[in-house]
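> I'd like to ask you about the structure that follows.
Rule-based calculations on the coordinates, nothing more; no lab input. All figures in this text were calculated on a predicted structure; none of them were measured in a lab. Note that each Cβ is placed from the backbone with ideal geometry, even for glycine, and that neighbours are counted across all protein chains shown.
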Amino acid sequence: MKAITRAEVSMAIGVVVVVGSLIGSIYYGLANRRVQSMVESDLEAVEAAVLAFYEEYRVLPTMYPDYFDFRYGLEGDVKNNEIMNALQALDAAGNIEHAVNSRQIVYIRIPKAGKKQSGLNQDGIFVDPWGEEYQIVLDTDGNEVCAMEDTPYNRAVGKRIAIWSKGPDGKLFTWDDMKSWQ
C-alpha cells in the first residue's frame with residue numbers, strides 16, 4: 001500500500017475546509033433569508049393592521065396628539081407595546097379601558113418572542129428576531145408623510161405608518177436596517 005504524503009494530507013484537509021465553508025455559507029444564507037422573511041412579514045402585518053384600524057376608526061391606533069407624527073421605540077421613551085395593545089384589543093398601556101380600540105377588534109395576533117423568533121417580549125413590546133424593538137412612526141397629523149425627524153431617513157411619503165427593524169447588528173441607522181417603506 002502506498003504511503004500518504006504530507007502534501008496529500010494537506011490537500012485533503014484543504015478540500016474538507018473548503019467544502020465545510022461552502023456548506024456553512026449555504027446554511028447561513030438560508031437561515032439569514034428565513035429571518036429576513038420573518039421581518040418582512042412582521043412589517044407588512046403591522047402596516048396592514050394599522051391601516052385596517054384606520055379604516056374602522058378613521059384615526060390611527062394611538063392616544064397621542066394629532067399635530068405631529070409620533071415615534072415609538074426610542075430608547076427611554078414610549079414603547080411600541082402601546083400600539084400593539086390597541087391593535088390586539090388589550091386593556092393595557094396605550095389602550096387603558098379600551099380607550100383607543102373601543103370596539104375591541106383584534107387586528108393582529110403576535111406570538112411570544114423566542115430565540116431568532118420575532119414576537120412580543122415579556123413586556124409586550126414587539127421585537128424583531130434579534131430581540132430589538134421595532135421602531136414605528138405614525139402619521140398622526142394626517143398628511144400621509146411619516147416625518148422621521150432626527151433620523152437619516154427623514155420621511156416616508158405616502159405612508160400612514162413607517163416601521164423598521166435595526167437589523168442583525170442591533171444598531172439604528174445602519175446598512176442592515178429593514179424598512180417598511182422601501
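> Take the alpha-carbon centre of the range 144-182, take the same for the range 46-88, and report the distance between them in whole Å.
Centre-to-centre (Cα) distance: 15 Å.
> Using a Förster distance of 25 angstrom, determine the FRET efficiency expected from the C-beta separation of Arg109 and Asn143, and round it to 0.05.
Numbers: r = 31 Å, r/R0 = 1.22.
That pair, Arg109 with Asn143, gives E of 0.25.
> Calculate the dipole size of the range 6-179 relative to its Cα centre from +1 charges on Lys and Arg beta carbons and -1 charges on Asp and Glu beta carbons; express the result in debye to the nearest 20.
That gives the range 6-179 a dipole magnitude of about 780 debye.
> Here's another thing I want to ask about it. Based only on Cα atoms, what Rg/Rh ratio does the range 27-122 have, Rh being taken as Kirkwood's radius?
When Rh is taken as the Kirkwood radius, the ratio is 1.02.
> Moving on. For the chain, with the dipole built from +1 on Lys and Arg beta-carbon atoms and -1 on Asp and Glu ones, taken about the Cα centre, which of Asn143, Phe68, Ala52 lies farthest toward the positive end?
Ala52
> Pull up the DSSP beta bridges for the range 25-182 and report the antiparallel fraction as a percent, rounded to 5.
So the antiparallel bridges amount to about 95 percent of the total.
> I've got another one for you. What's the tally of Lys pairs in the chain whose alpha-carbon atoms lie under 26 angstrom apart, where the two lysines are 8 or more places apart or on different chains?
Number of lysine pairs found: 20.
> A follow-up question, please. Read through the labelled values [x] 18.3; [y] 17.0; [z] 21.2 and report the label of the one computed as Kirkwood radius over Cα pairs in Å from the structure.
Matching the structure shown: [x].
> For the range 120-182, just the Cα set please: Rg and Dmax, both in angstrom.
12.2, 35
> Let me ask another. Restricting to Cα atoms and excluding each atom paired with itself, what does the Kirkwood estimate give for the range 65-164 in Å?
Details: mean 1/r = 0.0707 Å⁻¹.
One decimal place: 14.1 Å for the Kirkwood radius.
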